[in-house]
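Worksheet for the structure shown next.
The values are calculated or read from the model by the stated rules, or taken from the named source; none is laboratory data. Keep in mind the model is a prediction, meaning the values are calculated, not measured. Here the Cβ positions follow ideal geometry from the backbone for every residue, glycine too, while neighbour counts run over all protein chains shown. Heads up: the accessible areas ignore ligands, DNA and RNA and are worked out on the full protein's heavy atoms, side chains in. Shrake-Rupley method; radii C 1.70, N 1.55, O 1.52, S 1.80 Å.
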Amino acid sequence: MGQNDFIYLSQEDVLATGLDMGRVIDIVESVFALHDSGEVNLPSKVILDLGERERGRINAMPAYLGGDFEICGMKWIAGFPKNPAKYGIPRAHALTILNDAETGVPLAIMDGTYISAMRTGAVTGVGARYLANPGSEVAGVIGCGVQARTQIMAIQAAMPTIKTVKGYDIRPEAAEGFCAWAAETLKLDAQPVKSPREAVEGSDVIVTVTVADEPIVKDAWLKKGSLFVHAGSYQEEEEAVVFNTDKVVVDIWEEVLHRGTPLLAKLFKAGKITEAKIHANIGAVVNGKKKGRESREERIFFSPLGVGSLDIGVASFVYREAKKKGLGVSLKLWDKSCL
């Protein structure tokens, strides 16, 4: 490749690099540590709102990573909730762009959809490493779309003691399909359930990954010692879930507030909680500056919004592996610059 060449990587190319969930969890953990150390430049995401409920939105998510990464780039991701039912295509589509951090020269453009799904699950995996009870065996998942698969993949990778997953979705066929996949692929005891309550009660780790904006989960259903992961972008639980939790951990508190739609942001803006309710950004827990789980009895609420730095971290690994393996198509910016 010349100075003016970059590579294009399809989703098949991304998969061919050998990217797996264990690796993605480790990368995501490293990026959170860099955030806490002040080695990440993360502008707030820009949201192109085309009617978030009626049609969809597209987010521009740039970031620079220092440390061992020394890379910058951007994820451009479209989320259109009606796609699966109306057009038979995925809800989300993404491209990730990487640039050299010294010269700004484009290095790669790649499919970002798979990376985005994997890193979103991996965030929950990092949370489970530090915030779930050791020996947890039962997970409950509310919302059984594509993202549910990478969520339970990550939970299992972080906590091999997980034996059972209960899946609930407003579309029973989605819960059944998810559980059939989890049983066959992950060898879990996977049970579709008929209500959110069944998914939550008795579960050690609970994940909500929906587009709902109403309280699905009741505080009374959560057992002592549980980890609740709010992975959706809106309100998926009643306010008492937050009020009665022992620790609240987020990925990046400023970005939760910037987004504005998650329950924590709503409560803060309404004056119902203060910043003192936020125990830590997960990076501070990773770096040992703040405690994660301290007892088997405490309930922990983890609310990761999702930040573009994670995509850039994973994409940098994909780029390096693709170069080693000769994957992708080399493309030119120009033959001879006119400038």
- Note on the structure: Output for Cβ contacts, cut-off 9 Å, separation at least six or different chains, first residue over 13 Å from Thr208 (Cβ atoms) and at pLDDT 90 or above in segment 219-236, second of a type in the set (Phe, Trp, Tyr) and open to solvent by 20 Å² or more (accessible area, probe 1.4 Å), reads Asp219/Phe243
- So Gly125 fits all but one of (1) under 23 Å from Gly22 (Cβ atoms); (2) in contact with a strand residue (DSSP E or B) (Cβ under 8 Å, 6 or more places away or on another chain); what number is the exception? (2)
- Conditions (1) open to solvent by 10 Å² or more (accessible area, probe 1.4 Å); (2) at pLDDT 95 or above; number of the one not met by Ile142: (1)
- Query: Failed condition for Pro196, given (1) more than 25 Å from Leu267 (Cα to Cα); (2) out of contact with any Pro (no Cβ under 7 Å at 6 or more places or on another chain); (3) open to solvent by 10 Å² or more (accessible area, probe 1.4 Å), with all others met?
  - Reply: (1)
- Query: Do we have Ala85 as touching a helix residue (DSSP H, G or I) at 6+ places or on another chain (Cβ under 7 Å), open to solvent by 10 Å² or more (accessible area, probe 1.4 Å) and at pLDDT below 95 here?
  - Reply: no
- Query: If you scan segment 289-339, which residues turn out to be open to solvent by 30 Å² or more (accessible area, probe 1.4 Å), touching a helix residue (DSSP H, G or I) at 6+ places or on another chain (Cβ under 6 Å) and either closer than 16 Å to Met118 by Cβ or free of Cβ contacts under 8 Å to residues at least 12 places away in the same chain (or both)?
  - Reply: Lys290
- Would you point out the residue of segment 157-198, among those that are in a loop (DSSP other than H, G, I, E, B) and under 27 Å from Glu238 (Cβ atoms), that is nearest to the chain's Cα centre (by Cα)? Met159
- Query: Just one of the numbered conditions (1) within 24 Å of Gly125 (Cβ to Cβ); (2) over 20 Å from the mean Cα position of the chain (by Cα) is not true of Gly328; which one?
  - Reply: (1)
- Item | Selection from segment 21-45 of residues that are free of Cβ contacts under 8 Å to residues at least 60 places away in the same chain and surrounded by 12 or more Cβ atoms within 10 Å (Cβ to Cβ) | Asp26, Glu39, Asn41, Pro43
